[in-house]
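Undergrad: Dropping the structure in here first, questions after.
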Amino acid sequence: MTETSTKYNSKNTEIKWYQYWLEHKLFKSVPDTREPFTIVIPPPNVTGVLHMGHILNNTIQDILIRRARMQGKNACWVPGTDHASIATEAKVVNKLAEEGIDKHSVSREEFMDHAWDWTHKHGGIILEQLKKLGASCDWDRTKFTLDKDLSESVIKVFIDLYNKGLIYRGIRMVNWDTKAKTAVSDEEVEYKDEKSKLYYVKYKIVDMNEYITIATTRPETILGDTAVCVHPDDSRYKHLHGKQVIIPLINREVPIIIDDYIDIEFGTGALKVTPAHDENDYRLGEKHNLQSFNVFNDNGTMSKEALLYENIDRFEVRKIITDDLDKAGNLVKIEDYTNRVGYSQRTQVPIEPKLSMQWFLKMQDIVKPAIEKVNDETINFSPKRFVNTYNHWMENIRDWNISRQLWWGHQIPAYYISGTNDFVVAENIETALKLAREKNKNNNLTINDLKQDEDVLDTWFSSWLWPISVFDGIRFPENEEIKYYYPTNVLATGHDIIFFWVARMIIAGYEFRNEFPFKNVYFTGMVRDEQRRKMSKQLGNSPDPLHLIDEYGADGVRFGMMLCSPAGGDLLYSDSLPEQGRNFLNKIWNAYRLTQSREVDDEIKQPEHSKIALDWFNEKFNEQIAKLDELYDTFKLSEALMLVYKLFKDEFSSWLLEIVKPDYQKPIDRKTFTRLNEYFEQLLQILHPFMPFITEELWHQLRKRNAGESIMISNMPKPKPFHSKIINNFDVAKDIITQIRTVRKEKNISYKTKFKLFYSDNTNSFNSELQSVIIRLCGIENFSKTDIKPEGATHFVVKKTEFFIPLGTLIDTDAEIKRLKEELNYAQGFLNSVLKKLSNERFVKNAPADVIEKETMKQADAEAKIKALEEQILNLNS
């Protein structure tokens, strides 16, 4: 593409400059004497592909890292991917199934070989896609949560926490995913309101001709009942205290127990107790020493302990057992019922509460520094409202179930000693053998006597170390990189993983380095469609980001995503957003072409209007970049983009370029051309973090650059002192110009028709130095001061100065009088409404002083306008 190209070619530009950045290693960072600015990428799933949420989140990170780089900081953006245990293992299992191979027919080592093959084939695609977006990560630092150094860090942390007494193993009620066949944490369960059924079932009282009726949404769990519980104060059941009941269909005798946990008003007031399959029932079982029967297999079918329906799916059994209870005379009735059902976030199957032997991390004490440091703003959340969300979870936190019944991941470093109930925790089997011999006082033990735990650690147990482990700060706490780059500056992430990841990283930061992992957290919102629906493949409302980049350009997509994306607020996406971005790209390109299209003449004197306009833009630019820095510092990135957009589109293109543009086929003077290029370059620099490709292209076209030079390492303009008076005076000129253009439009006066402009200024408030700018843009043949109001002139007021345009034969007088009368009627109505308000004693007495002042100003403005309109009508009638 040459500088004479009439259209901007985003595709060629993006390929060219990204390759240039890589070749010259402009993203690379190594520790040096500069101030570091560090971001670690929220690692996407290794086999994932780019979606709209990634586009938003990574655009935000790239904006921040590019700005820091241009501020002279040593900007380091660490990329990487997450091994995603459940998601990746599910894909590998499905692949094997398609080949006729069952996971459990191969060894763990063979399965891991398949998983690594899958990862090498499909992994990392998303990182290549991020390059299309312009992500300026230090790709040499790319990490994977199963890399050797990161894996060793995870194991080291497990052992450390175990030795501190914070990790323990025990049977607990867990959330069981019957599709993935693993436990999942509380945070990985999504609750949905569902229309269900409430089944009323009667249980026979032993040795009595009487029944007690319970209500349940899950009749299939009746086979695991080991008690019926009633409230001690419930008069309906006092005579049944200490009695036994018979579980229908299987005839198991179980006790009626009493506990004030029961809600007398709910259902029948009698609760079936299934300790193995309900969290609350489990607590009752522990309290009352009840038996427990696990009636489900890991895949959600009925187990041998159910005694009936073995190996039939739980939901199929729900239908069968309902019929069987009815036939047996135990089904009383069925009612419609709405209840909340927990679903696995990963597999979207209903969660099955289940007693299971698992590994847990004690959380009650370890979270305390993390709570304190967010609330005292050592760590800043943006927006602030997420502090309350964070506190609610942290203050009600439960022990973290960190084990998963999978093979893909970090295998738990616990080794069981054959012939005993003992185990040891160690980084490898050789160390484990040494510890086992010491623990059992048996030097005859061999490696063959040890068996490593089959489970792996929760994926988040590696991710919570990410800001530390990517710099190898767990294995080598005093290494140069961790001391230089940590703590990081900003974490940009979705608010939906505030519990999974953000909170846990803060906990880990204080536990392992006694320091926060990041100073600021920028929470992005969700990307939704225009109907506020979450984007999904099922709904077909999620566009392919790569197709958008092809169509609108990476800069156009980045612009569109950031245009209306306040921190923490949802972004309602439509194709009009990147289309606006593409339109702005064309605006920038055409503005550049316009500035370079004129012949430059060194002999021409700079026109006064050009000098005034350039001086004004200099002040305006410094005013705006001071505001821009404030917006960056408070993470108002959408507003920052809008400021830069308006500065370029309105102030530079619509005002400055129009004023300094030479007459048709005339050259431009050297002073104006030079200053225009200086301002254009500065505008490109402040645009660069948002739109890196077009800014790099035009920065190089502005003047010859050396190999390896780039806008991305040029110095970001810094705000200088500015004169508000110059800006305000120019704003007055803009108002005058706008009013004159309105007159032309309303009165249908051609822009080629020149006319005279007079002004009356008794207060000397009008700055006559701006006359040349007004004349330049408004087609004025004569601009002068007058003490006499010209006859037949239209009139307008800007600030305290009156302006008159003699219309003469330029207009249809009758039509103009009619229009002015309509405007007069409206102004009189407006004045009456203001006077009514000011005559209201209660309003005047209670309203703040500034409100009264505004209303008084409205009255004065309206009265001045009415007077001017009446005079215009009088002049036209004379």
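The values are calculated or read from the model by the stated rules, or taken from the named source; none is laboratory data. Fair warning: this is a prediction, and the values are worked out from it, not measured in the lab. Ideal geometry is used to build each Cβ from the backbone, glycine not excepted, and the neighbour counts take in all protein chains shown. Surface accessibility is based on the protein's heavy atoms, side chains included, excluding ligands, DNA and RNA. Shrake-Rupley method; radii C 1.70, N 1.55, O 1.52, S 1.80 Å.
Undergrad: Subtract the Cα-Cα distance of E480 and V349 from 0.36 nm times their separation in residues, and report this length gain in nm to one decimal.
TA: Additional length available on full extension: 42.5 nm.
Undergrad: To the nearest 10 square angstrom, what accessible area does K181 show with a 1.4 Å probe?
TA: It works out to around 90 Å².
Undergrad: While we're looking at this one, here's another question. Run through all the Cα pairs of the stretch 365-446 and give the fraction in each 5 Å bin from 0, expressed as whole percent.
TA: For the stretch 365-446, the binned pair fractions read 3, 11, 16, 12, 9, 10, 11, 10, 8, 6, 4, 1, 0 percent.
Undergrad: Just the number, please: percent antiparallel of the DSSP beta bridges in the stretch 745-877, rounded to the nearest 5. Working shown, then result.
TA: Details: 9 of 14 bridges.
If I count the DSSP bridges inside the stretch 745-877, around 65 percent turn out antiparallel.
Undergrad: Still on this structure, please answer the following. How big is the stretch 113-168 by Rg and Dmax over its Cα atoms, in Å?
TA: 16.2, 47
Undergrad: Can I ask one more? With label points built 7 Å along Cα→Cβ from the Cα atoms of Q291 and K756, find their separation and express it in nm.
TA: So the two model labels end up 11.2 nm from each other.
Undergrad: Ok, one more. Helix by helix through the chain, keep the DSSP H runs that span 24 Å or more along the axis on Cα and average at least -1.0 on Kyte-Doolittle, and give those back in order. Could you put the intermediate results ahead of the total?
TA: Values: long enough: 52-70 (27 Å, -0.03); 576-596 (30 Å, -0.91); 608-633 (38 Å, -0.90); 670-687 (25 Å, -0.43); 724-746 (32 Å, -0.37); 813-838 (37 Å, -0.53); 849-877 (42 Å, -0.51).
For the chain, where a helix must reach 24 Å along its axis and average at least -1.0, the hits are 52-70, 576-596, 608-633, 670-687, 724-746, 813-838, 849-877.
Undergrad: On to the next question. Cα-based Rg of the stretch 576-674 per 2.2 N^0.38 Å, rounded to two decimals? It would help to have the intermediate numbers written out before the result.
TA: Values: Rg = 15.7 Å, N = 99, 2.2 N^0.38 = 12.6 Å.
Ratio of Cα Rg to 2.2 N^0.38 Å: 1.24.
Undergrad: What part of the accessible area of the stretch 579-722, given as a whole %, is carbon or sulfur when the probe is 1.4 angstrom? Could the numbers behind the result be given before it?
TA: On the way: 2880 of 6360 Å².
So the carbon and sulfur contribution to the accessible surface is 45 percent.
Undergrad: If you roll a 1.4 Å probe over the heavy atoms of the protein chains, what accessible area per residue do you get for the chain, in Å²? Don't skip to the answer; put the middle values down first.
TA: Values: 41060 Å² over 878 residues.
Per-residue value: 47 Å².
Undergrad: May I pose another question? On alpha-carbon atoms, Rg over Rh for the stretch 745-877 using Kirkwood Rh? Kindly include the intermediate steps, with their values, before the conclusion.
TA: Values: Rg = 17.6 Å, Rh = 16.8 Å.
Here Rg/Rh amounts to 1.05.
Undergrad: Related question: Sorted from largest to smallest, which semi-axis lengths in Å does the alpha carbon gyration tensor of the stretch 56-158 give for its equivalent ellipsoid, taking the root of 5 times each eigenvalue?
TA: On the way: eigenvalues 239, 56, 18 Å².
Output for the stretch 56-158: semi-axes of 35, 17, 9 Å.
Undergrad: How long is the stretch 460-511 along each principal axis, judged by its Cα atoms, biggest number first, in Å?
TA: Here the Cα extents, ordered largest to smallest, are 34, 21, 16 Å.
Undergrad: Over what distance in Å are the Cα centres of the stretch 409-449 and the stretch 664-712 separated?
TA: With the stretch 409-449 and the stretch 664-712 each reduced to a Cα centre, they are spaced 67 Å.
Undergrad: For Cα pairs less than 8 Å apart in space and 6+ apart in sequence, what is the mean separation divided by the residue count of the chain, i.e. the relative contact order in percent?
TA: Relative contact order here is 12 percent.
Undergrad: May I pose another question? What value in Å³ per residue do you get for the convex hull of the alpha-carbon atoms in the stretch 400-492?
TA: Dividing the Cα hull volume of the stretch 400-492 by its residues yields 136 Å³.
Undergrad: Sticking with this one: What does the extension gain come out to for A626 and H104, with contour length at 0.36 nm per residue minus their alpha carbon separation? Each step should come with its number before you reach the end.
TA: Numbers: separation 522, 0.36 × 522 = 187.92 nm, distance 6.33 nm.
Full extension from A626 to H104 adds 181.6 nm.
Undergrad: So how much accessible area does H795 have, in Å² to the nearest 10, using a 1.4 Å probe?
TA: Approximately 20 Å² for this residue.
Undergrad: Once you have the Cα-Cα distance between D233 and K605, take 0.36 nm times their residue separation minus that, and quote the gain in nm to one decimal.
TA: Numbers: separation 372, 0.36 × 372 = 133.92 nm, distance 10.06 nm.
Result: 123.9 nm gained on full extension.
Undergrad: Okay, next question. Let's test the formula: R0 of 35 Å, r as the Cβ-Cβ distance of L546 and E305. What FRET efficiency results, to the nearest 0.05? Walk me through the numbers before you get to the answer.
TA: Details: r = 51 Å, r/R0 = 1.46.
Efficiency for this residue pair is about 0.10.
Undergrad: Straight-line reach only, C-alpha to C-alpha below 20 angstrom: list the lysines that K534 could link to, leaving out same-chain residues fewer than 8 apart.
TA: Those lysines meeting the cut-off are K192.
Undergrad: When ranked by the protection proxy of mean other Cβ atoms within 10 Å per residue, highest first, what sequence do the peptides 296-303, 681-688 form?
TA: Numbers: 296-303: 18.8, 681-688: 21.4.
Descending mean neighbour count gives 681-688, 296-303.
Undergrad: I've got another one for you. Largest first and in whole Å, what are the equivalent-ellipsoid semi-axes of the chain based on the Cα gyration tensor, each being the root of 5 times an eigenvalue?
TA: On the way: eigenvalues 965, 291, 109 Å².
Whole-Å semi-axes of the equivalent ellipsoid: 69, 38, 23.
Undergrad: What are the extents of the Cα atoms of the stretch 363-521 along their three principal axes, in Å, largest first?
TA: Sorted largest first, the three principal extents are 60, 37, 27 Å.
Undergrad: Label points 7 Å out from Cα along the Cβ direction at N514 and Y211: separation in nm?
TA: Spacing of the two 7 Å Cα→Cβ label points: 6.7 nm.
Undergrad: Of all beta bridges DSSP finds with both residues in the chain, what is the antiparallel percent, to the nearest 5?
TA: On the way: 65 of 95 bridges.
Around 70 percent of the beta bridges assigned by DSSP in the chain are antiparallel ones.
Undergrad: For the chain, what does -39500 (n - 2.57) per DSSP helix run (n ≥ 4), summed and divided by total residues, give at 222 nm, in deg cm²/dmol to the nearest 500? Please report the intermediate quantities before stating the final value.
TA: Values: 28 runs with 364 residues, N = 878.
Mean residue ellipticity, 222 nm, calculated: -13000 deg cm²/dmol.
Undergrad: Short version: ³J(HN,Hα) in whole Hz for each residue of the stretch 249-263, in order, from phi by Karplus 6.51 cos²θ - 1.76 cosθ + 1.60 (θ = phi - 60°), x for Gly and Pro, what are they?
TA: Those phi angles translate into 6, 10, 6, 7, 8, 9, x, 8, 10, 10, 7, 6, 5, 5, 8 Hz.
Undergrad: Per the Kirkwood formula on distinct C-alpha pairs, the Rh of the stretch 231-386 is how many angstrom? Each step should come with its number before you reach the end.
TA: Details: mean 1/r = 0.0511 Å⁻¹.
It is 19.6 Å.
Undergrad: Follow-up question, since we're still on this one. How high is the relative contact order of the stretch 579-722, given as a whole-number percent (alpha carbon pairs under 8 Å, six or more residues apart)?
TA: Numbers: 116 pairs, mean separation 50.7, N = 144.
Across the stretch 579-722, relative contact order equals 35 percent.
Undergrad: Can you tell me the order of 317-324, 45-52, 186-193 when each peptide is scored by its average per-residue count of other Cβ atoms within 10 angstrom, highest first?
TA: Details: 317-324: 17.1, 45-52: 19.8, 186-193: 14.5.
The most tightly packed comes first, giving 45-52, 317-324, 186-193.
Undergrad: Further question: Per the 1.4 Å probe, what fraction of the accessible area of the stretch 189-353, in percent, lies on carbon and sulfur atoms? Don't skip to the end; give the middle numbers.
TA: Numbers: 3650 of 8150 Å².
Accessible surface attributable to carbon and sulfur in the stretch 189-353 totals 45 percent.
Undergrad: Additional query: Whole Å is fine, so just give me how far the alpha carbon centre of the stretch 253-307 lies from that of the stretch 73-132.
TA: Centre-to-centre distance over Cα atoms comes out at 40 Å.
Undergrad: Roughly how much of C564 is accessible, in Å² to the nearest 10, using a 1.4 Å probe?
TA: 50
Undergrad: Rounded to the nearest 20 Debye, what is the dipole magnitude of the chain about its Cα centre when Lys and Arg each give +1 and Asp and Glu each give -1 at the C-beta?
TA: Magnitude of the dipole: close to 2020 debye.
Undergrad: Would you mind working out the magnitude of the charge dipole of the stretch 271-411 relative to its Cα centre, with +1 at each Lys and Arg C-beta and -1 at each Asp and Glu C-beta, to the nearest 20 Debye? Kindly include the intermediate steps, with their values, before the conclusion.
TA: On the way: 19 positive and 21 negative charges, 60 e Å.
Roughly 280 debye, rounded to the nearest 20.
Undergrad: Right, another one. No solvent, one uniform scatterer per C-alpha: report log10 I(q)/I(0) for the stretch 167-314 via the Debye equation at q = 0.22 1/Å, two decimals.
TA: -1.53
Undergrad: From zero outward in steps of 10 Å, how is the percent of C-alpha pairs of the stretch 235-308 spread across the bins?
TA: Percent of Cα pairs in each bin: 16, 46, 31, 7, 0.
Undergrad: Then there is this: Report the Rg/Rh value for the stretch 516-570, based on alpha-carbon coordinates and the Kirkwood definition of Rh. All intermediate terms of the calculation are to be shown ahead of the outcome.
TA: On the way: Rg = 13.7 Å, Rh = 13.0 Å.
Ratio of gyration radius to Kirkwood radius for the stretch 516-570: 1.05.
Undergrad: Dipole of the chain (Lys/Arg Cβ +1, Asp/Glu Cβ -1, origin at the Cα centre): which of Y343, Q71, S151 lies farthest to the positive side?
TA: Positive-most Cα among the choices belongs to Q71.
Undergrad: Compute the convex hull volume of the Cα atoms of the stretch 3-124, divide it by the residue count, and report the result per residue in Å³ as a whole number. Intermediate values should be presented prior to the final figure.
TA: On the way: hull volume 21.6 nm³, N = 122.
Value for the stretch 3-124: 177 Å³ per residue.
Undergrad: Under a 5 Å amide H to amide H cut-off, with H placed in plane at 1.01 Å, what residues pair with K197 once short-range neighbours are removed?
TA: Amide H neighbours of K197: Y337.
Undergrad: Same structure, new question: Sorted by average packing, counted as other Cβ atoms within 10 angstrom per residue and highest first, what order do 702-708, 29-35 take? Don't jump to the answer; show the numbers that get you there.
TA: Numbers: 702-708: 9.7, 29-35: 12.6.
The most tightly packed comes first, giving 29-35, 702-708.
Undergrad: Say each of S418 and A864 gets a label point 7 Å from the Cα, pointing the same way as Cα to Cβ; how far apart are those two points in nm?
TA: Here the answer is 9.9 nm between the modelled labels.
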